[in-house]
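Trainee: Handing you this structure, nothing more for now.
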Amino acid sequence: GNSVTQMEGPVTLSEEAFLTINCTYTATGYPSLFWYVQYPGEGLQLLLKATKADDKGSNKGFEATYRKETTSFHLEKGSVQVSDSAVYFCALRGGAGGTSYGKLTFGQGTILTVHP
Amino acid sequence: DVKVTQSSRYLVKRTGEKVFLECVQDMDHENMFWYRQDPGLGLRLIYFSYDVKMKEKGDIPEGYSVSREKKERFSLILESASTNQTSMYLCASSDRNWDSRTKRETQYFGPGTRLLVL
């Protein structure tokens with residue numbers, strides 16, 4: 001079955017530091033990959049996505065590249081801000097069609113805290 | 001603007017009570033999902049529904065049931081609440097269209113219901 005593994009957290013950084021959160025996956029076929037973010041007290045929001053190998057998703061200064069050869073989708077940001085403090089989830093959706101109905105498989109989440 | 005709402009942000013129930021969690025979406029989505037979120041475990045799928053009156057078990061359906069009588073509403077039912085069901089419950093919805101070039105496969109989440117079972 002499908003699975004997603006994220007780096008262990010929590011991650012604590014100073015403002016303007018470089019961020020990497022690792023994500024690797026196991027899936028059959030050609031999954032779509034997502035990063036969701038959950039700010040304190042809120043539900044999840046889609047941060048970015050990539051639907052095929054070598055695609056790069058980007059949003060709000062965050063980037064992630066779909067690497068099929070290493071089955072990875074690492075999240076990066078060059079300069080984090082205090083407002084980026086949140087929980088980040090990597091997720092995949094299996095290939096279209098069949099009976100998947102768009103189900104997502106999530107990683108365990110990584111808590112990011114950014115200090116001024 | 002996309003909207004998924006959940007009936008309560010916080011609930012406190014006693015062991016053995018029947019608990020209803022309600023979720024409503026205004027996007028005319030066919031698919032709706034219930035997850036629970038626990039520290040260190042991420043989100044785990046409880047049940048999902050791909051159409052009115054249709055439902056499928058997710059990864060952890062034991063102790064839960066669901067109801068989808070109308071397209072916009074998806075209810076999660078804890079028949080007899082237990083302390084190990086204390087958790088954050090998140091509802092999501094998505095369009096059935098599988099066009100991966102658009103955002104129509106994106107799942108949109110509600111704010112969550114934090115349930116405490118005593």
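Trainee: If only one of B:M54, B:M32 is among the hydrophobic types (A, V, I, L, M, F, W, C), more than 29 Å from A:E8 (Cβ to Cβ), open to solvent by less than 20 Å² (accessible area, probe 1.4 Å) and within 11 Å of chain A (Cβ to nearest Cβ), which one is it?
Mentor: Answer to the check: B:M32.
Trainee: For region A:24-51, how many residues meet the condition of being among the aromatic types (F, W, Y), out of contact with any Lys or Arg (no Cβ under 9 Å at 6 or more places or on another chain) and part of a strand (DSSP E or B)?
Mentor: The total comes to 2.
Trainee: Look at region B:52-72 and say how many of its residues are under 23 Å from A:F106 (Cα atoms) and in a strand (DSSP E or B).
Mentor: 6
Trainee: Taking B:S65, is it more than 20 Å from B:P111 (Cβ to Cβ) and open to solvent by less than 30 Å² (accessible area, probe 1.4 Å)?
Mentor: Taking the combined requirement at face value, the residue satisfies it.
Trainee: May I pose another question? So which of B:G16, B:G40 ends up being on the phi > 0 side of the Ramachandran plot, small (G, A, S) and open to solvent by 50 Å² or more (accessible area, probe 1.4 Å)?
Mentor: Result: B:G40 is the single residue among B:G16, B:G40 that is on the phi > 0 side of the Ramachandran plot, small (G, A, S) and open to solvent by 50 Å² or more (accessible area, probe 1.4 Å).
Trainee: Now, a different point. Test each condition in (1) surrounded by 13 or more Cβ atoms within 10 Å (Cβ to Cβ); (2) in contact with a helix residue (DSSP H, G or I) (Cβ under 8 Å, 6 or more places away or on another chain); (3) modelled with pLDDT of 95 or more for B:N97 and report the one that comes out false.
Mentor: (3)
This table checks each residue for (1) surrounded by 16 or more Cβ atoms within 10 Å (Cβ to Cβ); (2) within 14 Å of chain B (Cβ to nearest Cβ).
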{"position": "A:V37", "(1), (2)": "yes, yes"}
{"position": "A:L75", "(1), (2)": "yes, no"}
{"position": "A:A86", "(1), (2)": "yes, yes"}
{"position": "A:I111", "(1), (2)": "no, yes"}
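Trainee: Does region B:57-89 hold any residues that are touching a Phe, Trp or Tyr at 6+ places or on another chain (Cβ under 7 Å), more than 14 Å from chain A (Cβ to nearest Cβ) and closer than 17 Å to B:L118 by Cβ, and which are they?
Mentor: Scanning region B:57-89 gives a single hit, B:L78.
Trainee: Would you pick out the residues in region A:1-28 that are among the small types (G, A, S), open to solvent by 60 Å² or more (accessible area, probe 1.4 Å) and closer than 19 Å to A:K77 by Cα?
Mentor: A:S14
Trainee: Please give the number of the condition A:E69 fails out of (1) closer than 26 Å to A:E15 by Cβ; (2) away from chain B (no Cβ under 11 Å).
Mentor: Unmet for A:E69, out of (1) closer than 26 Å to A:E15 by Cβ; (2) away from chain B (no Cβ under 11 Å): (1).
The values are calculated or read from the model by the stated rules, or taken from the named source; none is laboratory data. Quick caveat: nothing in here was measured; it's all calculated off a predicted structure. Here Cβ is always computed from backbone atoms with ideal geometry, including for glycine, and neighbour counts include all displayed protein chains. Please note that ligands, DNA and RNA were not included when accessible areas were found on the heavy atoms of the full protein model with its side chains. Shrake-Rupley method; radii C 1.70, N 1.55, O 1.52, S 1.80 Å.
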